[in-house]
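Please treat every number below as a calculation from the coordinates, not as lab data. Remember, it's a predicted structure, so these values are computed and weren't measured experimentally. As a convention, Cβ positions derive from the backbone with ideal geometry for all residues, glycine included, and neighbour counts pool all protein chains shown.
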Amino acid sequence: MPTPIADYAFIGDRRTGALISPEGSIDWLCLPDFDSTACFASVLGTPDHGRWVLSPVEEATTTRRYVGGSLVLETVHETASGAVRICDVMPEETGRADVLRRIEGVRGRVTLRHDWQIRPGYGLQCPLVVQEGQTLVAVAGPDRFTLRGPHLPPVRRGRVEETRFEVGEGEVIDLHMTWQWSHREPCDAVDVSRAVEASVEGDEQWLAEVTYEGPYEEEVRRSLLVLRHLTHADTGGIVAAPTTSLPEEIGGSRNWDYRYVWLRDSALTLEALVRAGYTRKVAAWRDWLVRAIAGDPSDMQIMYRVDAGRELPERELEHLPGYADSRPVRVGNGAVDQLQTDVLGEVMLALAQARAAGNPETDLSGALQVALVDHLADHWEQPDNGIWEIRGPLRHFTHSRAMVWAAMDIAIRGVEDGELPEGGDLQRWRRVREEVRAEIDRRGVGEKRGSFVQHYDTDEVDASLLLMPHLGFCTADDPRYVATVAAVEEDLLVDGLVLRYRTTSGVDGLDGDEHPFVLCTFWLVQAYAWMGRHDDARRLMEKVLGLAGPLGLYAEELDASGEMLGNFPQAFSHLGLVMAAYELADPRPRGAE
């Protein structure tokens with residue numbers, strides 16, 4: 001059986017990230033960026049697809065923790081013969097990427113297995129490897145990987161073989177892997193002690209700005225730290241997750257590549273960061289947004305590469321068998337071409353909150369929003385794929401319509417308050433705002449239960465409807481919203497956790513099933529808080545927090561047993577935790593304004 005998704009640790013350098021199993025195997029790493037090809041891909045296949053193992057040969061009891069308020073991982077293996085501590089860190093560097101593994105003998109003597117199988121191209125390539133003293137150099141096309149340290153695995157006919165070595169009490173051994181472009185001159189080694197200290201200090205200084213005071217503070221801080229490390233340090237792009245194709249159902253085909261920047265996910269992340277007090281951190285994302293979308297508003301995509309590039313065609317990697325034989329393994333994402341009318345509303349909400357936090361628009365960002373809202377006013381009536389990237393027929397999704405209303409409302413207020421530049425057709429925006437509201441009132445409410453409905457041709461509900469007060473469309477005591485929450489409780493709860501929607505309706509056009517969505521469950525926590533159902537909100541919050549991974553991380557979904565599924569760690573899940581905690585401490589639905 002593969003390592004459970006929840007049991008992986010995540011480390012990163014704010015340009016990419018690695019997954020490390022409890023046994024000490026780095027099973028996933030893309031270099032140099034989140035959306036680069038993987039050089040360790042065994043999480044989606046076999047050891048032959050690349051991994052880096054540092055693990056006791058004997059049976060061991062293993063404990064892991066993050067050092068202080070950081071993503072520096074400390075693992076202690078205790079065996080019958082002794083104990084050893086391993087510190088894993090990816091320091092922030094420019095023009096290179098490093099993975100540092102410090103081994104310290106704590107007690108007795110421990111024999112470790114060392115296996116460095118570097119396999120660029122998602123495990124497909126076997127590089128040329130040569131040994132130069134205490135250095136291994138692996139080259140494959142544009143990539144050079146250098147491994148420095150003692151006790152290196154031997155090279156046989158250009159391939160690296162596993163080795164074993166002992167670590168005694170008080171002994172310190174550093175292993176240092178560096179990626180760089182193969183045409184560059186080899187770079188120097190990193191000072192491991194200094195890199196560990198700087199990484200811990202950098203994360204802790206960043207967390208010192210958190211304004212949250214209330215219950216679940218440790219969980220909030222950990223989630224914010226995950227969001228920090230899913231934000232590219234150079235470009236400002238925020239990825240949905242550092243992985244691809246971790247399945248939403250074991251053995252199923254709902255396996256997607258999340259290593260890109262969704263405008264929606266990024267906007268929601270930005271809202272969480274602003275709420276947490278990071279009012280000065282939004283400029284990098286706003287600048288990324290302007291670069292990505294700049295041009296004809298009709299060309300706006302729902303997602304982009306980390307560097308704001310537009311090309312991410314979806315294809316299948318047939319050489320990889322997938323996590324727990326869940327095929328296909330996909331890279332790229334075909335949803336890039338979808339029409340998702342809700343996206344601009346989320347972007348406008350996030351930018352409005354950024355302005356309220358003291359970040360005035362630049363000439364470019366203000367003009368861009370006006371142009372995008374003008375374009376939306378021309379095309380809002382089209383059916384779309386919705387927030388969940390439905391691959392079935394296009395629909396008139398109620399949530400998408402409500403986001404159109406929110407985009408118009410925020411833009412109108414922005415111009416009226418002098419925060420956005422004039423230049424758009426303000427009268428038309430007002431007219432569209434009223435037309436959208438009237439349409440939702442007429443067609444977006446079901447006759448049977450009086451709740452908002454997923455789309456205009458069904459009585460089904462959708463978890464995204466839980467956000468209606470947050471958008472400002474209604475208050476939390478609106479009878480239609482109260483009925484919506486009741487319908488979600490009736491239709492979408494599985495063992496107390498919330499599905500996005502019922503896949504049995506066939507709306508998404510996909511085979512297979514999925515499990516409760518972590519973000520949607522946190523949305524129900526917020527709904528309870530807005531409605532004054534504080535005991536229900538706290539009970540549900542504590543239930544979800546009790547299902548976190550051993551290191552406080554979340555994937556996208558949870559099944560009935562609490563097993564995590566989907567890409568990991570998931571920005572959606574962690575931003576949902578942050579927002580739910582804030583709403584429990586101080587409910588602020590926009591609809592109450």
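Couple of notes before you dig in:
- Projecting the Cα atoms of VAL578, GLY552, VAL331 onto the charge dipole of segment 209-592 (Cβ charges, centred on the Cα centre) puts VAL578 farthest toward the positive pole.
- Selection from TYR8, LEU54, PRO22, by position along the positive dipole direction of segment 3-131 (Cβ): LEU54
- Long-range HN-HN contacts of TRP256 with modeled amide H, under 5 Å: SER245, LEU246
- Checking (i) 43, 25, 23; (ii) 55, 33, 21; (iii) 99, 21, 17 against the coordinates, the calculated semi-axes √(5λ) of the Cα gyration tensor in Å falls under label (i).
- The phi torsions of segment 423-433, fed into the Karplus equation with coefficients 6.51, -1.76 and 1.60 and a -60° offset, translate into couplings of x, x, 8, 4, 5, 5, 4, 5, 5, 5, 4 Hz, rounded to whole numbers, with Gly and Pro shown as x.
- Count Lys and Arg as plus one, Asp and Glu as minus one, and take only other residues whose Cβ is under 10 Å from that of ASP374; the net charge is then -1.
- Projecting the Cα atoms of LEU351, HIS375, LEU100 onto the charge dipole of the chain, computed from C-beta unit charges around the Cα centre, puts LEU100 farthest toward the positive end.
- Per-residue packing, averaged as other Cβ atoms within 10 Å, sorts the ranges 352-363, 28-39 into the order 28-39, 352-363, beginning with the highest.
- In segment 209-592, Cα pairs under 8 Å separated by at least six residues give a relative contact order of 19 percent.
- The chain - charge dipole about Cα centre, Lys and Arg +1 at Cβ, Asp and Glu -1, debye rounded to 20: 640 debye
- Table column - 3J(HN,Hα) (Hz), segment 192-199, Karplus curve with 6.51, -1.76, 1.60, x for Gly and Pro: 5, 4, 5, 5, 5, 4, 5, 5
- q = 0.17, 0.25, 0.32 Å⁻¹: log10 I(q)/I(0) that the Debye formula gives for segment 489-534, counting C-alpha atoms only: -0.52, -0.90, -1.16
- Order by protection proxy (mean Cβ within 10 Å, highest first), peptides 277-283, 265-271, 417-423: 265-271, 277-283, 417-423
- Take each peptide in 178-185, 85-92, 378-385, count the other Cβ atoms within 10 Å of every residue, and average; sorted highest first, the result is 85-92, 378-385, 178-185.
- Of interest is the spacing of the C-alpha centroids, which for segment 504-574 and segment 123-160 amounts to 42 Å.
- Put in line by how crowded their Cβ is, counting other Cβ atoms within 10 Å and starting with the fewest, HIS534, HIS229 read HIS534, HIS229.
- For segment 414-448 versus segment 67-90, the gap between their alpha-carbon centres in whole angstrom: 55 Å
- Lys, Arg +1 and Asp, Glu -1 on Cβ, resulting dipole of segment 5-203 about Cα centre, debye, nearest 20: 460 debye
- Label positions at ASP417 and HIS183, each projected 7 Å from the Cα along the C-beta direction, are separated by 4.9 nm.
- Neighbour-count ranking [beta-carbon atoms within 10 angstrom, fewest first] of LYS543, LYS448: LYS448, LYS543
- Close amide H partners of ALA97, meaning residues 5 or more places away or on another chain with modelled amide H under 5 Å apart, are TRP179.
- Neighbour-count ranking [beta-carbon atoms within 10 angstrom, fewest first] of CYS520, CYS187: CYS187, CYS520
- Along segment 6-20 the Karplus relation, 6.51 cos²θ - 1.76 cosθ + 1.60 evaluated at θ = phi - 60°, assigns HN-Hα couplings of 5, 7, 6, 9, 10, 10, x, 10, 6, 10, 7, x, 10, 10, 10 Hz to successive residues, with x for each Gly and Pro.
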